[in-house]
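The values are calculated or read from the model by the stated rules, or taken from the named source; none is laboratory data. Note that the structure is a prediction, hence the values are computed from the model and not measured. In this analysis, Cβ positions are derived from the backbone assuming ideal geometry, glycine residues included, and neighbour counts consider all displayed protein chains. For the accessible areas, the whole protein counts, side chains as well, though only heavy atoms, and no ligand, DNA or RNA atoms are used. Shrake-Rupley method; radii C 1.70, N 1.55, O 1.52, S 1.80 Å.
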Amino acid sequence: MTSRFYNRFIRPISKDSDQAERETVLNFLLVGIFVLACIALLDTLLAPLISGEPFYTDRVADNLVAIIFIGVLYVLSRYKCKHEAVAIVLTLLIALYACTMLYHWGLLLPAAILLSAMSIVMAGILISARSALYVAGAITLVLIVLQYAESSNYIHPDLTWKSSASTAGDVIGYAAMFFVIALISWLFNRQMELSLKRARRSEKALERQRDLLEIKVEKRARQLEEAQLEKMQQLYRFAELGQLSTALFHDLANHLSTVNLDIEGLPDADNPDIARRIQRNVGHINDIVRRVRQQIGGKKHAEAFNVQKETKEVVKILMPTAEQAGVELSVSMDPSLKPSLLFKGDVIRFRQVILNLINNAVEAYPAPRAGRRPNRASVEVTLRRHGTILFISVADKGPGIPKARRDKLFEPFYTTKKSGIGIGLFIVRQIVENDFGGSIEISDNEPSGTTFTIRLPKSYYARAKKA
């Protein structure tokens, strides 16, 4: 019953918390004053029957006007959302009524003093704290003016109430004012308690958020420390690898010089094809060693090279290795490609990319049993052009690579091979992206296997030098 009455007549409409508190107090006051006005009207009507007092028509009219006026204010506040205007009108009305009583019945009338105090308190609660000072100052000014006018005999208030006996109506009037003051005090304290509870809840929520934030910051700091430590370990391993590579290439260059001199001394009649292939491979290794030395020294060598020719050359070099592993190696060129298509960059690094991808594709097949494979193993290198982009694909029909591992394949020192060190594909991506401005991606090769596709942009195309 109480909750239904509250929701129907008192519950605030405003969404703002401060405004909602003032609206609640205002609705309580309007309903309370309306009830008291009805009780006063009933007392005026029944007074002749109960106490034998004469029937005062003007009092009945005043009570009816008060009931209607309070009802109008309630409607404006409840349904028209004129809360602040209604609060100002109600406060000024009570203050004006108190000043009128002081004018008619003197400055010592208790009821007028109580109404004045009530209007000051209502201004502070319903409007603002500063409004209470304004109302108090205005009433004080009225008291000064009335006292001066009374002492100068400009006005003559009716003081007969001092000698007349009190009546039941006086008791009801004072009780009504006490009730309104008590209601204002209760509502004010209630709103203060609710505000304090909200503040405490907000403080606890902020403390919880602060604790959670500290935990998140600490966790994130640990993650960053671990990531930095991992990067430092990778850099340290790269430094070790660089030192080993420098020593390795220096020693390899010395041995290659000796091997190359021995091969040149072989007679052409004895296996000339093998001798030429060895010389070609050794020459290729010599080029690699020379370019690696230049790279270690901070030098880069860019030149125009034929993409198709260099790709076929790498395939020829790797053909014996593929045949030994039982893998068929083939190259297919898009008919739209020009045989003279040139690219500019470091040709050794380009060969290194193609060589790494083909080697990985060959090694993707499991080792043959008894020298034979149950299925035909093949690796196909495809060159095609789409628009201005050159695509180089290396596809195998092996077991494939799970999607969960693909993102890690290009990370340094990540490998799925027992004998691998995990830098081949990392170097491939670095060369494709940094040296040729391209990109590399992995996809499935239906019905089985994996395809590595390199995209090379038009900006690295080169023109042949005119004779």
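Quick one: how many residues across the stretch 140-191 are farther than 15 Å from MET122 by Cα, open to solvent by 90 Å² or more (accessible area, probe 1.4 Å) and not β-branched (Val, Ile, Thr)?
9
Is the stretch 73-80 home to any residue that is in a loop (DSSP other than H, G, I, E, B), of a type in the set (Lys, Arg) and surrounded by 14 or more Cβ atoms within 10 Å (Cβ to Cβ)?
Scanning the stretch 73-80 turns up no residue that is in a loop (DSSP other than H, G, I, E, B), of a type in the set (Lys, Arg) and surrounded by 14 or more Cβ atoms within 10 Å (Cβ to Cβ).
It is to be established whether one or more residues within the stretch 204-215 are closer than 30 Å to GLU21 by Cβ, among the hydrophobic types (A, V, I, L, M, F, W, C) and either assigned to a helix (DSSP H, G or I) or modelled with pLDDT under 60 (or both).
yes
Against the condition closer than 30 Å to GLN19 by Cβ, open to solvent by 80 Å² or more (accessible area, probe 1.4 Å) and not hydroxyl-bearing (Ser, Thr, Tyr), how does LEU133 come out, does it pass? Talk me through it step by step, then tell me what you get.
Numbers: closer than 30 Å to GLN19 by Cβ: yes; open to solvent by 80 Å² or more (accessible area, probe 1.4 Å): yes; not hydroxyl-bearing (Ser, Thr, Tyr): yes.
Criteria met by LEU133.
Select from the stretch 99-113 the residues that are open to solvent by 40 Å² or more (accessible area, probe 1.4 Å) and assigned to a helix (DSSP H, G or I) and list them in ascending order.
Once the filter is applied, which keeps residues that are open to solvent by 40 Å² or more (accessible area, probe 1.4 Å) and assigned to a helix (DSSP H, G or I), the stretch 99-113 yields THR100, TYR103, HIS104, TRP105, PRO110, ILE113.
Could you go through the stretch 83-97 and let me know if any residue there is open to solvent by 30 Å² or more (accessible area, probe 1.4 Å) and either modelled with pLDDT under 75 or of a type in the set (S, T, N, Q) (or both). Break it down stepwise before answering.
Here is the first cut: in the stretch 83-97, the residues open to solvent by 30 Å² or more (accessible area, probe 1.4 Å) are 84-85, 88-89, 92-93, 96-97.
In the following step, the residues that additionally are either modelled with pLDDT under 75 or of a type in the set (S, T, N, Q) (or both) were identified as none.
There is no residue in the stretch 83-97 that is open to solvent by 30 Å² or more (accessible area, probe 1.4 Å) and either modelled with pLDDT under 75 or of a type in the set (S, T, N, Q) (or both).
Kindly evaluate ALA117 against the criterion of being closer than 19 Å to VAL180 by Cβ, open to solvent by 20 Å² or more (accessible area, probe 1.4 Å) and more than 44 Å from the chain's Cα centre (by Cα). Talk me through it step by step, then tell me what you get.
On the way: closer than 19 Å to VAL180 by Cβ: yes; open to solvent by 20 Å² or more (accessible area, probe 1.4 Å): yes; more than 44 Å from the chain's Cα centre (by Cα): yes.
So ALA117 fits the description; yes.
Checking the conditions here, which among LEU46, LEU26 is in contact (Cβ under 8 Å) with a residue 24 or more places away in the chain and open to solvent by less than 80 Å² (accessible area, probe 1.4 Å)?
Sole residue among the options that is in contact (Cβ under 8 Å) with a residue 24 or more places away in the chain and open to solvent by less than 80 Å² (accessible area, probe 1.4 Å): LEU26.
Residue check: is ARG4 of a type outside the set (A, V, I, L, M, F, W, C) and either surrounded by fewer than 19 Cβ atoms within 10 Å (Cβ to Cβ) or under 30 Å from ASP58 (Cα atoms) (or both)?
Details: of a type outside the set (A, V, I, L, M, F, W, C): yes; either surrounded by fewer than 19 Cβ atoms within 10 Å (Cβ to Cβ) or under 30 Å from ASP58 (Cα atoms) (or both): yes.
Yes.
Consider the stretch 7-23. How many of its residues are part of a helix (DSSP H, G or I), exposed (fewer than 13 other Cβ atoms within 10 Å of the Cβ) and of a type outside the set (Lys, Arg)?
3
Going by the structure shown, is ALA175 part of a helix (DSSP H, G or I), free of Cβ contacts under 8 Å to residues at least 12 places away in the same chain and small (Gly, Ala, Ser)?
Yes, satisfied.
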